[in-house]
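I have placed the structure first, in the form of structure tokens, so that the comments after it can refer back to it.
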Amino acid sequence: MKDPYEVLGVSRDATEEEVKKAYRELAKKYHPDNYANSSLSDLASEKMKEINEAYDAILKNMHSGGNSQNSSYGDYSSTDFIEIRNLINEHNFYEADLRLNSIPSDRRNAEWHYLKGCVFMGRGWYFEASKFFARACDMDPGNEEYRRAYENINRSSDNFGNGGECTCCDVCQGLICADCCCELCGGDLIRCC
Amino acid sequence: MGKHTTEVSCASLSFDMTFFALTRIWLCEERPQIKSRRCHSHPLKKRPMMCDSGALEFSAYVSAYMTYYKILDDIRDGRGLKRLLARAALIFAKIPMSKIPEKYRAIGQYIGEKTTYLSELEKQKCEFPSEVADVFGDLLGYALAFDLDEKKAAVAYELGKHVGRWVYLADAARDIDRDEKSGSYNPFLCAMAPGEARDFIANGLDGVLSMELVEAMKAYDLGPTDTGECAGCIKNILTKGMRNTLASELTKNKREKKNERSV
């Protein structure tokens, strides 16, 4: 295995925050979704696996040194969660879910909930994903990765403008559209047009 | 609908099926003529009416099947007056069945199977709203994609799947008070406590449902580039109509509940 600090591009005296920042940037860059349907997807998955392993190894090293005893990363997490993250990155959600379910309930920390949310997200079960991301955020409020995942779902409504608030313009547009639909099928909604 | 599945079937026309018909017309790249004609709802004044097309004919068959199996499901699960009314409705819902050509029977079979499965999940009080919504999404996606070429079928299935899931979850959010009172199955009430479910509907539902619409829009963007009336209507419904209608209905429900309390 390569030197994890080299893989993440951080110095040996980097803080946890710096490590997480470097991980996030690399994960965003090499995420398999960016290479979906590309001939480079296998290479990207391999790189992502390497990044995940390096990230977990550095954090494990930091926590075993007593830097953050209250962290949500328990002793149990390291190897299992690395493998589960890799399964998720490979889009093997079924296997990842089986592995997550095999972890005893008293050891289900914030990362477990986050990964469970990722599995649901991969399946397209957004309601369940949102629920697990919310729980991960509650358990570890300072974790950027969990917060971002939760906010991504809540922010998806930004794609459609001002959401539930309805302006006069939207009402008119909606009525005209509904009228068109009704007229196309032989009915009518607005008699004058 | 009257021409293909008898006049009786016109009574079951819904907004969902109107959207289905518009989408199918767009996917088939049809441009049906619009003429001014009288109809049963407006016998005196002529109205613009879309002339018959292959996509409209197909939509009429799907609508007839959906109505028929919904009624069968109501008979299976209903009690008392509801069951009696469903039995009466079945007499009328059976009439269009004989008019449906043999080549569309596979859709009927699929709709029947999925409706039964949906009903089983509801009876088991499934705690995963997405699992139940998936069944309805799959049903709609399958029907929309039926008999299209490979590329269009993929677009149609994805679009139908996400719209179907949206419709199921939106209906569940809308009916939460009624279901709680009657003790009927509601996926949100099975997934969490009533207070938590209401809080989710107020604060988290829009985000979750928007994910479905984002995916539906992705499919729409890969569909035919036809810019006719139907394409515009579909885009408008996906980006504004569905969300705004649900938001105003939920606000209305909230207001009514408040009034009930103050009375």
Karplus-derived 3J(HN,Hα), 6.51/-1.76/1.60, for each residue of the stretch A:119-126, Hz, glycine and proline x: 5, 4, 4, x, 7, x, 8, 5
Farthest positive-ward along chain B dipole, Cα basis, beta-carbon charges - from B:Tyr68, B:Leu85, B:Val163: B:Leu85
Given chain B, longest segment not containing exposed loop trypsin sites (Lys or Arg not before Pro) (DSSP; at most 15 other Cβ within 10 Å): B:126-263
Other-chain or far-sequence residues with amide H under 5 Å of B:Met49's (modelled H): B:Lys35, B:Ser36, B:Arg37
Rounded to whole Hz, the Karplus (6.51, -1.76, 1.60) HN-Hα couplings of the stretch B:230-244, x for glycine and proline: 5, 4, x, 4, 4, 4, 4, 5, 5, 8, 10, x, 4, 5, 5
Structure-based [θ]222 nm, chain B - -39500 (n - 2.57) summed over DSSP H runs of at least 4, per residue, nearest 500: -23000 deg cm²/dmol
Chain B: radius of gyration over Cα atoms, expressed as a fraction of 2.2 N^0.38 Å: 1.05
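Decide, for the stretch B:193-246, between rounded, prolate and oblate: order the square roots of the alpha carbon gyration tensor eigenvalues as a ≥ b ≥ c, take rounded if a/c falls under 1.5, and otherwise choose prolate if a/b is larger than b/c, else oblate.
Cα axes put the stretch B:193-246 in the prolate bin.
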Label-point separation, B:Arg174 to B:Leu222 (7 Å along Cα→Cβ), nm: 2.9 nm
Footprinting exposure proxy for B:Asp206, B:Asp147 (fewest neighbouring C-beta atoms within 10 Å first): B:Asp147, B:Asp206
Taking A:Leu87, B:Leu140 and counting other C-beta atoms within 10 Å, the order from fewest to most: A:Leu87, B:Leu140
Residue-by-residue Karplus 3J(HN,Hα) for the stretch B:115-127, coefficients 6.51, -1.76, 1.60, Hz, glycine and proline x: 5, 5, 5, 4, 5, 5, 4, 5, 5, 6, 6, 3, 8
Fewest-first sequence of B:Thr23, A:Thr15, B:Thr115, B:Thr245 by Cβ atoms within 10 Å of each Cβ: A:Thr15, B:Thr245, B:Thr115, B:Thr23
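None of the figures in this text is laboratory data; all of them are computed from the coordinates on show. What you see is a predicted model, and the numbers here were worked out from it, not measured in a lab. A quick note on method: Cβ atoms are made from the backbone with ideal geometry, for glycine too, and the neighbour counts reach across all protein chains shown.
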